[in-house]
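**Q** Before we start, here is the structure in question, set down as structure tokens.
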């Protein structure tokens, strides 16, 4: 298990306990602290001294994407399965056993992820969050991530895909989802196995009028920092993993990147390209933004 911490002392003990008590599997947890200034480092030292299954390292602040991808790149190739977890969630017992059972039946690179149960700070239920309606696919991973990082588990065959840390990953979980849909198999489990603490900064499922929903979707897909981010990620995916992909995946990525060259190809791709988001209304928004060169 890999965990990146950053000023997470408040809920960290709950999360680590829920990981270490998972039944039916042998667990080892490695933590990279991403420059915390609160009590996180002291708590990690305490937990590691009490349980030999916990190891940790102290690093400079790099942000969650680089922190997780750096740890993943350094994972021993002999590891059977690697799971990612967040510092403030709680895992439901059986999460790891369920993912391991599925992954053990798959040949080649594979990834498991699932829905989450959204809870408040005191673990009181808020609702279910399912990100997958139309199924995992590279055509979806080009423009959307459905793999919530704290639910991801990959098998040993997938580890070779992550030896090089990318420069243009939008987020670590999105990069992993894209890499596995391009080279292997992704299974999305609609049953939630993580209690996902909801904070103001990661609001899920906001309601509103049709007009406000359209406005929110436009802001989310075209917000500051998103311009060409998907295209840069797709190009780097092609550069780093292209030789390991089947021809159809390489062709799908190449078409997505090349079509950004000028207005005519962008409009054609927006009208006929295979990329999609899980909600049809979001796919419409994406196609408008793609034609405008905003992806």
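**Q** Among the residues of the range 36-57 satisfying the criterion of being surrounded by 14 or more Cβ atoms within 10 Å (Cβ to Cβ) and closer than 19 Å to residue 75 by Cα, which is farthest from the chain's Cα centre (by Cα)?
**A** Within the range 36-57, the match that is farthest from the chain's Cα centre (by Cα) is 48.
**Q** Are there any helices (runs of 4 or more DSSP H) wholly within the range 206-276 with 2 or more residues that are at pLDDT 90 or above and touching a helix residue (DSSP H, G or I) at 6+ places or on another chain (Cβ under 9 Å), and if so which?
**A** Fully inside the range 206-276 and qualifying: 229-241, 247-258, 263-272.
**Q** Kindly indicate whether any position in the range 172-189 is at pLDDT below 95, on the phi < 0 side of the Ramachandran plot and in the same structural domain as residue 71 (by TED's automatic domain parsing).
**A** No, the conditions are met nowhere in the range 172-189.
**Q** Still on this model: Within the range 119-143, count every residue that is at pLDDT 95 or above and within 12 Å of residue 173 (Cβ to Cβ).
**A** Qualifying residue count for the region: 1.
**Q** Out of 29, 12, report the one residue that is buried (at least 17 other Cβ atoms within 10 Å of the Cβ), closer than 26 Å to residue 175 by Cα and touching a residue at least 60 places away in the same chain (Cβ under 8 Å).
**A** The conditions single out 12.
**Q** Still on this structure, I have one more. Output the residue which, of all residues in the range 251-295 that are free of Cβ contacts under 8 Å to residues at least 40 places away in the same chain and under 22 Å from the mean Cα position of the chain (by Cα), is surrounded by the fewest Cβ atoms within 10 Å (Cβ to Cβ).
**A** Out of the qualifying residues, it is 280.
**Q** Being more than 24 Å from residue 63 (Cβ to Cβ), crowded, with 19+ Cβ neighbours inside 10 Å and in contact (Cβ under 8 Å) with a residue 24 or more places away in the chain: is that true of residue 149 here?
**A** No, not satisfied.
**Q** Only one residue in 3, 72 is within 30 Å of residue 134 (Cα to Cα), in contact with a helix residue (DSSP H, G or I) (Cβ under 6 Å, 6 or more places away or on another chain) and buried (at least 20 other Cβ atoms within 10 Å of the Cβ). Which one?
**A** So the residue among 3, 72 that is within 30 Å of residue 134 (Cα to Cα), in contact with a helix residue (DSSP H, G or I) (Cβ under 6 Å, 6 or more places away or on another chain) and buried (at least 20 other Cβ atoms within 10 Å of the Cβ) is 72.
The values are calculated or read from the model by the stated rules, or taken from the named source; none is laboratory data. None of the values given here were measured: they were computed from a predicted structure. Backbone-built Cβ (ideal geometry, glycine too); neighbour counts: all protein chains shown.
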